[in-house]
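The values are calculated or read from the model by the stated rules, or taken from the named source; none is laboratory data. Since the structure is predicted, the reported quantities are computational estimates derived from the model, not experimental observations. Neighbour counts are summed over all protein chains in view; Cβ atoms, including those assigned to glycine, are modelled from backbone coordinates with ideal geometry.
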2 protein chains.
Amino acid sequence: MAQLEAEDITQAVLDRMTDCQDARFKQVMTALVKHAHAFIREVEISEEEWINAIMFLTATGKMCDDKRQEFILLSDTLGISMLVVALNQIKAAKAFASSGGGAQTPTEATVQGPFYWEGSPELPLGADIGTDMPGEPAYYHGRVTDTEGQPIANCCLDVWSGDGEGVYDMQMGDDAGMRLRARFHTDAQGNYRFWSIKPTYYPVPDDGPVGQMLRRMGRHPNRPGHIHMKVYAPGHQSVTTHLFVADSPFLDSDAVFGVRNSLIVPFTQHAPGKAPDGRVMDAPYHSATYDFRLVPAA
Amino acid sequence: MAQLEAEDITQAVLDRMTDCQDARFKQVMTALVKHAHAFIREVEISEEEWINAIMFLTATGKMCDDKRQEFILLSDTLGISMLVVALNQIKAAKAFASSGGGAQTPTEATVQGPFYWEGSPELPLGADIGTDMPGEPAYYHGRVTDTEGQPIANCCLDVWSGDGEGVYDMQMGDDAGMRLRARFHTDAQGNYRFWSIKPTYYPVPDDGPVGQMLRRMGRHPNRPGHIHMKVYAPGHQSVTTHLFVADSPFLDSDAVFGVRNSLIVPFTQHAPGKAPDGRVMDAPYHSATYDFRLVPAA
């Protein structure tokens, strides 16, 4: 009466969606079911492997809290996050080109990663978010313009990174609070500047299920040194990106596949003395400059 | 230096597994990455959809505890669990046929579902596991043989079901303990018998992420009435299966795609009086009979 043979199960699941009112959801779920079933069929998952997968997903969910996002880490390390970012960027670039495009190419996006923390402090230009943190000081400066080269004033740079040992505030224990993150706003000429540390390479959190998976895949967990930025201003499309440290290890094997050539930035080392913003440094420091370019909102 | 274009990301992830020492794990992960990326590419998942998917998986993990397995429910309702069961059964049947096969076909398997609870009480044949539970009494009896028709003595039937309103003990609150589940062992002739209730159709737990998904897919959450059994004996392959109630609604649209024709069993209604095991019933009761057949261990 209701017999489903193995070869009919996929279609049977799809047929249950005749009453689905959400066309996009139906399209996504149809593709999800087809690809998930094709995966199961291709490798003939055993029942033991299946229950292990259930336990892996459960442990991944259990690992998540307000400071740890193991599913983002899973998506990142399987290249899924970067694929989503890259495909959406291609789509946006096509839309931009077909609307006439711009004189300059916009800043490339990369993965957000699991360490974004909403509501970081708003600080004045020139502030130092790396005070009392391990790491060598670095001065970041540059300009935000649109793709015609026009400066964007009052543009927000929402910045975050690990310390000079690759540790994010979220990993520093419950009392650490927000460190090495802040929101800056460009001045009337679109300029920004702030101090932090020079980021170093670090392993993604590998003491959970994703770490076990990476080890079993024979992979290292390291990311090249980088600082994260979300750059957004009214009337423009925001971009979530990194600046990568040009002399960092692991640029050619980022554990989350996020490196873009256009985002690799040289960090210049300076002897102690007067920095470009007038601050007097009694130890060596670095400087990095990068100009962001945002696409006008559609 | 490390630039990955969107079309190269999938291969880049696979290339990272050159040091993987576990050939089966490598095969499974290779297929998983390929199919997951193909899914993302096919429907061009937006960044908002991606983060919604991350939040869905996280909520699904958070919903899991020792009495609730939302990832099994997700797998069940997407037909993945039944596909795994069916493919493994085909594989086992082929192996069995190529080793000479048997005079009779073995009992078909179906999904285990999220309500199995290890270590249920061992009870003597004839015991009633439905006492004080809502539902009409039902007498279950039959025999366990191998595929040559030889009785299997001391074979364990690990039995569980919801009550006559479709509620499992795991859903009855913290104090309920184990109800409507037990382990019985066949007698020297391979016979089993026990009392419980006649199971009714019920909705799978739909107050969590999977319930939301089903509603958005336009699907009902119901399963036809059934009783679960794991049947196992030394020297034989175990089978995890159900007996489905022949007159139940939803036999043709089981929310987890688990119905097999060979597992649909008529429940005969009887007037009050003496039951086949001598028990005197002062209310109407049902009886159901089913003979299990196990394949010899490989």
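Is it true that some residue in the range A:185-196 is surrounded by fewer than 20 Cβ atoms within 10 Å (Cβ to Cβ), in contact with a Cys (Cβ under 7 Å, 6 or more places away or on another chain), over 23 Å from B:Ala12 (Cα atoms) and not hydroxyl-bearing (Ser, Thr, Tyr)?
yes
Does A:Ile45 satisfy the condition of being surrounded by 19 or more Cβ atoms within 10 Å (Cβ to Cβ), outside any helix (DSSP H, G or I) and either of a type outside the set (Val, Ile, Thr) or within 7 Å of chain B (Cβ to nearest Cβ) (or both)?
Values: surrounded by 19 or more Cβ atoms within 10 Å (Cβ to Cβ): yes; outside any helix (DSSP H, G or I): yes; either of a type outside the set (Val, Ile, Thr) or within 7 Å of chain B (Cβ to nearest Cβ) (or both): yes.
Taking the combined requirement at face value, the residue satisfies it.
Of all residues in the range B:22-40, which are crowded, with 16+ Cβ neighbours inside 10 Å and either closer than 23 Å to A:Arg215 by Cβ or more than 7 Å from chain A (Cβ to nearest Cβ) (or both)?
Scanning the range B:22-40 gives B:Phe25, B:Lys26, B:Val28, B:Met29, B:Thr30, B:Ala31, B:Leu32, B:Val33, B:Lys34, B:His35, B:Ala36, B:His37.
Which fully enclosed strands (runs of 3 or more DSSP E) of the range A:222-298 have 2 or more residues being surrounded by fewer than 20 Cβ atoms within 10 Å (Cβ to Cβ) and in the same structural domain as A:Arg183 (by TED's automatic domain parsing)? Talk me through it step by step, then tell me what you get.
Values: elements: A:226-232, A:239-245, A:268-270, A:285-289, A:292-294.
Correct list: A:226-232, A:268-270, A:285-289.
Considering (1) facing chain B (nearest Cβ under 7 Å); (2) crowded, with 22+ Cβ neighbours inside 10 Å, say which one A:Asp76 fails and leave the rest.
Failing condition for A:Asp76: (1).
Filter the range B:148-181 down to the residues that are farther than 23 Å from B:Pro205 by Cβ and buried (at least 19 other Cβ atoms within 10 Å of the Cβ) and list them by number.
Of the range B:148-181, the ones farther than 23 Å from B:Pro205 by Cβ are B:148-157.
Within the range B:148-181, B:Ile152, B:Cys155, B:Cys156, B:Leu157 qualify.
For (1) over 20 Å from the mean Cα position of the chain (by Cα); (2) within 28 Å of B:Pro276 (Cβ to Cβ); (3) touching a residue at least 12 places away in the same chain (Cβ under 8 Å), each residue gets a yes or a no:
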| position | (1), (2), (3) |
| --- | --- |
| B:Gly166 | no, yes, yes |
| B:Met178 | no, yes, yes |
| B:Asp187 | yes, yes, yes |
| B:Ser196 | no, yes, yes |
| B:Pro203 | no, no, yes |
| B:Gly218 | yes, no, no |
| B:Arg223 | no, no, yes |
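Could you tell me which of the residues A:Asp206, A:Asp291 is out of contact with any Asp or Glu (no Cβ under 7 Å at 6 or more places or on another chain), under 30 Å from A:Gly102 (Cα atoms) and more than 14 Å from chain B (Cβ to nearest Cβ)? I'd like the intermediate steps shown before the answer.
Working: A:Asp206 fails: under 30 Å from A:Gly102 (Cα atoms).
That would be A:Asp291, the only listed residue that is out of contact with any Asp or Glu (no Cβ under 7 Å at 6 or more places or on another chain), under 30 Å from A:Gly102 (Cα atoms) and more than 14 Å from chain B (Cβ to nearest Cβ).
Taking B:Ile129 as meeting all but one of (1) crowded, with 20+ Cβ neighbours inside 10 Å; (2) closer than 22 Å to B:Gly190 by Cβ; (3) within 11 Å of chain A (Cβ to nearest Cβ), write down the number of the exception.
B:Ile129 satisfies all of (1) crowded, with 20+ Cβ neighbours inside 10 Å; (2) closer than 22 Å to B:Gly190 by Cβ; (3) within 11 Å of chain A (Cβ to nearest Cβ) except (3).
Among the residues that make up the range B:90-112, is at least one of them more than 14 Å from every other protein chain (Cβ to nearest Cβ) and of a type in the set (Phe, Trp, Tyr)?
yes
For the range B:1-21, name all the residues that are buried (at least 17 other Cβ atoms within 10 Å of the Cβ) and hydroxyl-bearing (Ser, Thr, Tyr).
B:Thr10
Would you confirm whether any residue within the range A:54-71 is β-branched (Val, Ile, Thr), free of Cβ contacts under 8 Å to residues at least 60 places away in the same chain and buried (at least 17 other Cβ atoms within 10 Å of the Cβ)? Before you say what the answer is, go through the steps one by one.
Initially, the range A:54-71 is screened for residues β-branched (Val, Ile, Thr), giving A:54, A:58, A:60.
Filter once more, so that each one left must be free of Cβ contacts under 8 Å to residues at least 60 places away in the same chain: A:54, A:58.
In the following step, the residues that additionally are buried (at least 17 other Cβ atoms within 10 Å of the Cβ) were identified as A:54, A:58.
Checked against the condition, which is being β-branched (Val, Ile, Thr), free of Cβ contacts under 8 Å to residues at least 60 places away in the same chain and buried (at least 17 other Cβ atoms within 10 Å of the Cβ), the range A:54-71 yields at least one hit.
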